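In what follows, a single structure is set out as structure tokens and then discussed.
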Amino acid sequence: MLRNTDLSWGTPAKLLHWAVAALVFLQIALGWAAVTWRLSPMKLDLFVLHKSVGMLLLVLMVVRVAWRAVNIAPPLPADMRPLERRAAHASHLLLYLLLLVMPVTGWIVTSAANIPYRIFWLIPLPAIVEVDKTMADAAARTHFGLFAALSLLLALHIGAALRHHFVKHNNVLVRMLPGT
């Protein structure tokens, strides 16, 4: 099933959702390891991996937004209250926004700090801003603040999915699972 239906998300939507989810958790681990690792070639490799996965996430999120724009979303359960519906829509919008903006802020940090690098050591990534230490520092603080916001939003998202499954006993989680 390629396209989304009233009952379930289509295979592309599911693949994009779970690929992004896996990469986000990988990013958290890579980012944390890169920041806390002692200065060494391994630290530099961790940063290259973190930045590379960030660019991959940016591409996947652009594809995900495009796919979502041309496909209907399965409707929310009929018994959801209006406030819950608004919260669900707002949280998804914020997740998408954060997952698009975070890689860009990381790219700004790299560009403003004049740190050339190649995505997965192969593809050179051009600078998107001029070299500027003040901008690099501000972008790094913004990147970390967005990470904090994303972490909170991910906890809410996962908690809501589990609530729908185990408390509300509806199909909100099941319709996003692979093979359903």
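The values are calculated or read from the model by the stated rules, or taken from the named source; none is laboratory data. This is a predicted model, so every value here is computed, not measured. Every residue, glycine as well, gets a Cβ built from its backbone with ideal geometry; the counts of neighbours run over all protein chains shown.
Would you confirm, using the coordinates I've provided, whether Gly145 is surrounded by 16 or more Cβ atoms within 10 Å (Cβ to Cβ) and either modelled with pLDDT of 95 or more or under 16 Å from the mean Cα position of the chain (by Cα) (or both)?
On the way: surrounded by 16 or more Cβ atoms within 10 Å (Cβ to Cβ): no; either modelled with pLDDT of 95 or more or under 16 Å from the mean Cα position of the chain (by Cα) (or both): yes.
Considered against the rule, which asks whether it is surrounded by 16 or more Cβ atoms within 10 Å (Cβ to Cβ) and either modelled with pLDDT of 95 or more or under 16 Å from the mean Cα position of the chain (by Cα) (or both), Gly145 comes out as no.
Residues in the stretch 116-131 that are surrounded by 13 or more Cβ atoms within 10 Å (Cβ to Cβ) and aliphatic (A, V, I, L, M): Ile119, Leu125, Ala127, Val129.
Please go through the stretch 30-50 and give me each residue that is aliphatic (A, V, I, L, M) and exposed (fewer than 14 other Cβ atoms within 10 Å of the Cβ), ordered by number. Spell out the reasoning first.
Going residue by residue through the stretch 30-50, those that are aliphatic (A, V, I, L, M) are 30, 33-35, 39, 42, 44, 46, 48-49.
Correct list: Val35, Leu39, Met42.
Of all residues assigned to the stretch 62-73, at least one qualifies as being under 21 Å from His157 (Cβ atoms), out of contact with any Pro (no Cβ under 9 Å at 6 or more places or on another chain) and in contact (Cβ under 8 Å) with a residue 60 or more places away in the chain.
Thr110 meets the conditions (1) in contact with a Phe, Trp or Tyr (Cβ under 7 Å, 6 or more places away or on another chain); (2) modelled with pLDDT under 95 in every case but one. The failed one is (2). Answer yes if at least one residue in the stretch 132-140 is surrounded by 12 or more Cβ atoms within 10 Å (Cβ to Cβ), in contact with a Ser or Thr (Cβ under 7 Å, 6 or more places away or on another chain) and within 25 Å of Ala66 (Cα to Cα), and no otherwise. Within the stretch 132-140, none of the residues are surrounded by 12 or more Cβ atoms within 10 Å (Cβ to Cβ), in contact with a Ser or Thr (Cβ under 7 Å, 6 or more places away or on another chain) and within 25 Å of Ala66 (Cα to Cα). Take the conditions crowded, with 17+ Cβ neighbours inside 10 Å and part of a helix (DSSP H, G or I) and apply them to Leu93. Does it pass? The answer is no for Leu93.
Within the stretch 165-179, residues that are modelled with pLDDT of 95 or more have Cβ atoms under 9 Å from residues that are of a type in the set (Asp, Glu) and exposed (fewer than 13 other Cβ atoms within 10 Å of the Cβ) in these pairs: Lys168/Asp79; Asn170/Asp79, counting only partners at least 6 apart in sequence or on another chain. Put simply, of Leu156, Leu162 the only residue that is touching a residue at least 24 places away in the same chain (Cβ under 8 Å), within 22 Å of Lys14 (Cβ to Cβ) and not acidic (Asp, Glu) is Leu156.
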